[in-house]
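Structure below; questions to follow.
Each reported figure results from applying straightforward, stated rules to the coordinates on display, with no laboratory input. Note that the coordinates shown come from a computational prediction; the quantities given were computed from them, not determined experimentally. Methodologically, a virtual Cβ is constructed for each residue, glycine included, from the backbone with ideal geometry; neighbour enumeration extends over all protein chains shown.
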Amino acid sequence: MAEFDFRSASIEEIGAALRGDGCVLLRHFVAADDLARLRETIDAVAPPGALHFNDRDMRARGRPHFYDYLFADKHRALVESLVGAGFRVSPNTVTRRVDAEAIDADGDGDGYQQPLPPHLDAFFHRFDWTLNFWVPFRACGWDAPSLGVVRAPVEEAQAYTGYDGRRRRRGSAEGWNFANFANPNFAVDDLRGAFGERVWTPEYALGDAMLLSNWTLHFTHSAPEMTERRGNVELRFTARAGLAEALSQAFKPALARMAGAAAFSRS
């Protein structure tokens with residue numbers, strides 16, 4: 001399983017793991033004090049009971065981007081290596097709050113929603129290559145819902161969902177991007193049947209992050225014993241290039257490193 005201590009891992013090995021598994025768990029990704037400061041700021045400026053609070057809402061209130069509260073030079077270098085210099089903050093950079101006992105998917109009136117079923121972000125967002133650093137505001141995965149992922153590269157996730165390879169064909173607001181996918185509806189049990197142990201539900205400590213993309217299969221991991229609520233921030237960064245070009249550029253260093261290792265092993 002792709003798991004690193006962010007403080008000591010190299011950007012190259014994180015990129016190689018993302019290419020191979022479609023996701024990477026980064027331990028000690030951000031400082032707990034910085035995360036607390038971001039959460040306190042959001043709580044102070046977000047409307048009471050808001051289900052989501054976007055990065056653009058933060059900026060509209062004269063505050064820095066979410067990531068400015070958390071990132072140092074290495075974080076920015078990692079983003080630039082995977083989406084290119086001059087990266088864009090995705091409009092889908094947002095906070096989320098989940099309660100396993102929430103009334104419905106749209107929240108129960110105090111800003112919490114039900115656990116989300118398995119999906120690709122590409123079902124709802126643009127197809128442009130987008131990184132997502134999923135960072136919980138508390139430790140989770142045993143007493144509070146967390147994030148589950150499927151360890152599969154982009155091409156395998158696309159094949160499983162039946163992506164047709166075309167530009168978005170949104171028929172209506174309610175249809176999102178589902179018209180581009182032959183298999184957009186599936187349950188966690190379906191994923192376990194198809195991917196087995198590659199369905200991954202790790203426990204998260206405060207400061208950990210899951211790095212995934214808009215082409216990573218994922219879901220809210222929830223169980224009956226998870227009676228606590230959980231909040232998180234989803235830091236998304238989008239490439240300026242098209243999907244194929246962006247993928248080629250993002251993984252070029254990682255692929256070169258993997259190819260070099262393979263050549264060495266054959267010598």
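Can you classify the range 131-225 as rounded, prolate or oblate using the Cα gyration tensor, where a ≥ b ≥ c are the square roots of its eigenvalues, rounded means a/c under 1.5, and otherwise it's prolate if a/b beats b/c and oblate if not?
It is prolate, given that a/c is not under 1.5 and a/b is the larger ratio.
Among DSSP beta bridges lying fully in the chain, give the percent that are antiparallel, nearest 5.
90 percent
Moving on. So which GluC sites (Glu not before Pro) in the range 134-182 end up in coil per DSSP with only 10 or fewer other C-beta atoms within 10 Å?
Counting only loop positions with at most 10 other Cβ atoms within 10 Å, the GluC sites (Glu not before Pro) in the range 134-182 are 174.
List the relative contact order of the chain as a percent without decimals, with contacts defined as Cα pairs under 8 Å and 6+ residues apart.
The value is 31 percent.
Just check the range 182-240 against the gyration tensor rule for me: Cα atoms, a ≥ b ≥ c as the square roots of the eigenvalues, rounded for a/c under 1.5, and otherwise prolate or oblate depending on whether a/b exceeds b/c.
Oblate, since a/c reaches 1.5 and b/c is not below a/b.
Can you run phi through the Karplus equation (6.51, -1.76, 1.60; θ = phi - 60°) for the range 114-124 and list ³J(HN,Hα) in whole Hz, with x for Gly and Pro?
Result, ordered by residue: 5, x, 8, x, x, 6, 9, 4, 5, 4, 10 Hz.
A follow-up question, please. For the chain, modelled as a Gaussian network with Cα springs under 10 Å, which listed residue fluctuates most, 26, 243, 51?
243
Next question, about the same structure. Within the range 1-94, which trypsin sites (Lys or Arg not before Pro) sit in a loop by DSSP and count at most 16 neighbouring Cβ atoms inside 10 Å?
Loop-located and lightly packed - 7, 61.
Please give the calculated 222 nm ellipticity per residue for the chain, where each DSSP H segment of at least 4 residues contributes -39500 (n - 2.57) and the sum is spread over every residue; nearest 500 deg cm²/dmol?
-9500 deg cm²/dmol
List every residue whose amide H lies under 5 Å from the amide H of residue 90, counting only residues 5 or more places away in sequence or on a different chain, with H placed 1.01 Å from N in the peptide plane.
236, 237, 238
Taking the Cα centre as origin and putting +1 on Lys and Arg beta-carbons and -1 on Asp and Glu beta-carbons, what dipole magnitude results for the range 3-266, to the nearest 20 debye?
The calculated dipole for the range 3-266 is roughly 1140 debye.
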